[in-house]
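Take a look at the structure set out below.
The values are calculated or read from the model by the stated rules, or taken from the named source; none is laboratory data. Quantities reported herein were computed from a predicted structural model and do not represent experimental measurements. Reconstructed Cβ throughout: ideal geometry from the backbone, glycine too, with neighbour counts over all protein chains shown. Heads up: the accessible areas ignore ligands, DNA and RNA and are worked out on the full protein's heavy atoms, side chains in. Shrake-Rupley method; radii C 1.70, N 1.55, O 1.52, S 1.80 Å.
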Amino acid sequence: MWLVAYYRPTALFSLKPAAATSSGGRTLICPTPFALRVALLDAAIRTRGVSAGEHLWPLLRGLRLKVLLPKQLTVINTFTKIIRLKKMGPSDDMGTGLITPFNNTIAYREYVSFGGDIGIAAQMGTGDKLPDDVIELFFQIAYLGKRGSFLQLLAQPELVHHEPDEAKGWTLISADQTRFNIGGTLQMLDDCSSKLTFEQVNIYSGKRIVLGKDRILRHVVLPHRLVRSSRGFSLYERI
């Protein structure tokens, strides 16, 4: 049994690939399994406390996840001014007598404008119905990806017996694909390994997450293709 929820983006979406640096600003065009699981964990902690989040984490880590992107989406690229710490320590570069640890620079950034609603489907790894405690978390998701990528739940999530159809645009993002459209767009989406612990996703524990071991990359081909582009944007459409 699958739980299906639809969300309407209310702001531009941005989510860097897991291997990106702070200066590199390319964005994925799809929420990752890792982002979805952590969003549900965040909702559990905010509404029920840390102990509840720790209790639910093994279940959230094992969910099967599918995503339905809108028919059209546009990637907007731009340059923006940012500040970051100086590598050589605080200094007075302007000769004003004011010593500062930050330096102004320019960085490349990309943002996604979705041309419609986003569907998210989840199922227990065993195929059983999701517990009510987990279903309620889908009401609490406020953003996916970079903070500020806000979205709004459109209606109460629905339980369905059939698996969301790939022919209608649904894409499995939590496992390796057995079939895909050769004309689609390849994305490297990060996900949790089966051994990723709550202490590692808890940013206050100090335990590291190792990319490739605890945080794995899945090569997912989305059923969207690039149909138009210019200096400032790239337009994708569902095949």
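May I ask you to give the percent of accessible area on the chain that is carbon plus sulfur, with a probe radius of 1.4 Å?
53 percent
Residues of the chain: accessible area per residue at 1.4 Å, in Å²?
In whole numbers, the chain has 57 Å² accessible per residue.
Quick one: among Arg228, Arg109, Arg179, which has the greatest mean-square fluctuation in a GNM of the chain with alpha-carbon springs under 10 angstrom?
Highest fluctuation of the listed residues: Arg179.
Pick out which of Phe150, Phe34, Phe180 has the largest mean-square fluctuation in a Gaussian network model of the chain, springs linking Cα atoms closer than 10 Å.
With Cα springs under 10 Å in the chain, the top fluctuation among Phe150, Phe34, Phe180 is at Phe180.
Shape of the stretch 111-199 from its Cα gyration tensor (a ≥ b ≥ c, root eigenvalues): rounded if a/c is under 1.5, otherwise prolate when a/b > b/c, or oblate?
Values: a/c = 1.21, a/b = 1.09, b/c = 1.11.
Because its axes are fairly even, with a/c under 1.5, the stretch 111-199 counts as rounded.
Suppose accessible area is computed on protein heavy atoms with a 1.4 Å probe; arrange Asp176, Asp117, Asp128 from highest to lowest.
Ranking Asp176, Asp117, Asp128 by accessible area, largest first, yields Asp176, Asp128, Asp117.
Note the full-extension length gain between Met188 and Arg84 as 0.36 nm times their separation in residues minus their Cα-Cα distance, in nm to one decimal.
Residue separation times 0.36 nm, minus the Cα-Cα distance, leaves 34.7 nm.
So how much slack lies between Arg228 and Gln177, counting 0.36 nm per residue of separation and subtracting their Cα-Cα distance, in nm?
Extending this stretch completely gives an extra 15.7 nm.
Which residue, chosen from Gln200, Leu235, Ser174, occupies the Cα position most advanced towards the positive end of the dipole of the chain, where the dipole is computed from +1 (Lys, Arg) and -1 (Asp, Glu) charges on Cβ about the Cα centre?
After comparing all options, I get Leu235.
Calculate the translational D of the stretch 16-125 in whole µm² s⁻¹ from Stokes-Einstein, where the hydrodynamic radius comes from the Kirkwood formula applied to all Cα pairs, the temperature is 20 °C and the viscosity 1.002 mPa s. Display every interim value, and only then the final one.
Numbers: Rh = 17.6 Å.
It comes out at roughly 121 µm²/s.
Please work out, to two decimal places, the log10 of the ratio I(q)/I(0) at q = 0.16, 0.21 Å⁻¹ from a Debye calculation in which every Cα of the stretch 85-239 carries one identical scatterer.
Listed by q, the Debye log ratios stand at -1.26, -1.59.
Rounded, prolate or oblate, given the Cα gyration tensor of the stretch 49-91, with a/c below 1.5 counting as rounded?
Oblate, since a/c reaches 1.5 and b/c is not below a/b.
How high is the relative contact order of the chain, given as a whole-number percent (alpha carbon pairs under 8 Å, six or more residues apart)?
Here the relative contact order equals 31 percent.
Springs between alpha-carbon atoms under 10 Å, Gaussian network over the chain: tell me which of Gly127, Gly89, Gly206 tops the mean-square fluctuations.
Ranking Gly127, Gly89, Gly206 by mean-square fluctuation puts Gly89 first.
Could you list which residues have their amide H under 5 Å from that of Thr185, counting only those 5 or more apart in sequence or on another chain, with H placed in the peptide plane?
Excluding prolines and chain starts, which carry no amide H, the hits are Leu222, His224.
How far, in nm, would the chain grow between Leu159 and Thr47 when pulled straight, counting 0.36 nm per residue and subtracting the alpha carbon separation?
38.1 nm
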